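What follows is one structure encoded as structure tokens, with my remarks underneath.
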Amino acid sequence: TMNVYKMKNNHKVFAIIGLVGLLYFSCKPAKISTKDKAPNFILILTDDQGWNGTSVQMMDNETWSKSDYHHTPNVEALANRGMRFSSAYASAPVCSPSRYSIQFGQTPARLKMIRVGMNTNHIQHETSYTIPKLLKNINANYKTAHFGKWGIDVDPAVLGYDESDGITGNKDGGFDFRSNKKQWKNNISEDPKKIFSTTKKAIDFVERKAKLKQPFFLQISHYAVHSDIMLRKKTLEKYKNKPKGKYQKHEGFAAMTEDLDTGVGMVLDRVKALGLEENTYIIYTSDNGAVPVMPPKRFYKEGSNFPLSRGKWDAMEGGIRVPFIIAGPKVKAGLEAKTPITFSDLLPTITDIAGYTLPLKDDLDGGSLKNILTKDGKGNVNRISEGLIFHVPYENGIAIKRAHSAIIVNNFKLIKFYNNNKLLLFDIKNDIKEKNNLAASLPEKASQLEVLLDNYLSKVKAPKWQPGISWKNKPLEKFISYH
């Protein structure tokens, strides 16, 4: 049975025991042959890489959904044998909330982890519902590892990882928040953003598990392409001699992107050489969208995320829509899936593929993508709540500057600003640039989505914006502000 960690008080212990019981008695075995091997999983998470940050065209009918400057041949190769999700969304427009959402299958609003720098004493990090713990419950032979940027406030071992780099953050990858002078300049390194040393650790883990014939879950969380910009000299020379794109022009950022792609290729090549490709699912995505311009600023005409509006820090499309590719056994190759998905779907998807379907329950926001992966990229995701939720209840001087939340249901997206309750409604299928606000012309649709958004935030008691609240440093209960 799964080890249940000591909790802060008895009712939390009983809650965890109840969840474990639910897993044992309510999970339905997937229809898999007993002869099938337990699948391996590799999740490659990049940092601040936009929807069009690679040379993979994420959307078949949108030529600008790939970079007009960057070259990522290894990610292209992965996409050619996998499925692209063109409407994939990070759970937040900044890193830590998105990373929490991946591990727990919950929205940042429910987790009450909505920005970088929050005190997270209120989060039950010891829960049994994390990707590593659930996989080990399904099959005790699973081994798990995390290398690279963590961005979560407890050691990965608490979440069930057997191996890791510990509690790491941007500074461990070469980010110098004290100096804006070098962030956007070209800094030469033979191990830029620890791309190759992190990759080496990942490959070593895979080789050891292959030798022992142990199934594994490996998350490789790259520090790239977050600033400071770092790159190999030879890669930079290539982009100095390459015509710049219309929207993407930073030669150092392009070089760092290709160095990252080289690291990805090293992992893909080793998986294939070890004979693991036919039993390994590889997922590639980014923790949030790219910064809109380099260096970032509030006002600009068109940024590097074009055709998406704005970028990191905002719940506009440029901040949350991200590249997303899955390759693996029985995944239909080379197809675009248009179904909207988000990071809270990763936990139920991985457990479903591993052999068990998690039951829908009140505190699990995601749903499994398994049927979409094997059925031509079409279908819906079965979730407990309607719509994808994004909660940004604080002000950011670089970004829109106003606290806001958003909900996406099918083709429609509503954004609500809290300082004046202004609503923006977009048909993101036909208006990916978010130029045409339909809130006045479709008031019933706007009202419907606003009710869904408000009800969800109230249900999960999400942190509620008030003037002057930053949500930083102090324990959450000190703010006493909830929906």
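Things worth noting here:
- Options Tyr69, Ala109, Leu45, ranked by Cα towards positive dipole end of segment 44-123, top entry (Cβ charges): Ala109
- Pairwise FRET efficiency - Glu237 versus Asp204, Cβ, R0 = 35 Å, nearest 0.05: 0.70
- Sum of -39500 (n - 2.57) over DSSP H runs of 4+, divided by residues of the chain (222 nm, nearest 500): -8000 deg cm²/dmol
- The residue list Leu388, Leu360, Asn371 was ranked by how far each Cα lies along the charge dipole of segment 347-389 toward its positive end, using unit charges on Cβ atoms, and Asn371 comes out on top.
- Average accessible surface area per residue within the chain, 1.4 Å rolling probe, Å²: 41
- Across the options Pro132, Gln219, Tyr161, the greatest Cα extent toward the positive end of the charge dipole of segment 86-225 (unit charges at beta carbon of Lys, Arg, Asp, Glu) belongs to Gln219.
- Mean separation of Cα contacts under 8 Å (6+ apart) over length of segment 90-232, as relative contact order %: 24
- Put simply, when 143-155, 365-377 are sorted by average Cβ atoms within 10 angstrom per residue, most first, you get 143-155, 365-377.
- Protein accessible area in segment 175-328, 1.4 Å probe - carbon and sulfur %: 52
- Here segment 145-240 is treated with +1 on each Lys and Arg Cβ and -1 on each Asp and Glu Cβ, and its dipole about the Cα centre works out to around 600 debye.
- Of all accessible heavy-atom area on segment 422-483, the percent that carbon and sulfur account for (1.4 Å): 50
- Radius 12 Å from Cβ of Asn411, net charge of other residues (Lys, Arg +1; Asp, Glu -1): +2
The values are calculated or read from the model by the stated rules, or taken from the named source; none is laboratory data. Remember, predicted model here, so these are calculated numbers, not experimental data. Because the Cβ atoms are built from the backbone with ideal geometry, glycine has one as well, and the counts that use them run over all protein chains shown. Ligands, DNA and RNA are stripped out before the accessible areas are found, and what is left, the full protein with its side chains, is counted by its heavy atoms. Shrake-Rupley method; radii C 1.70, N 1.55, O 1.52, S 1.80 Å.
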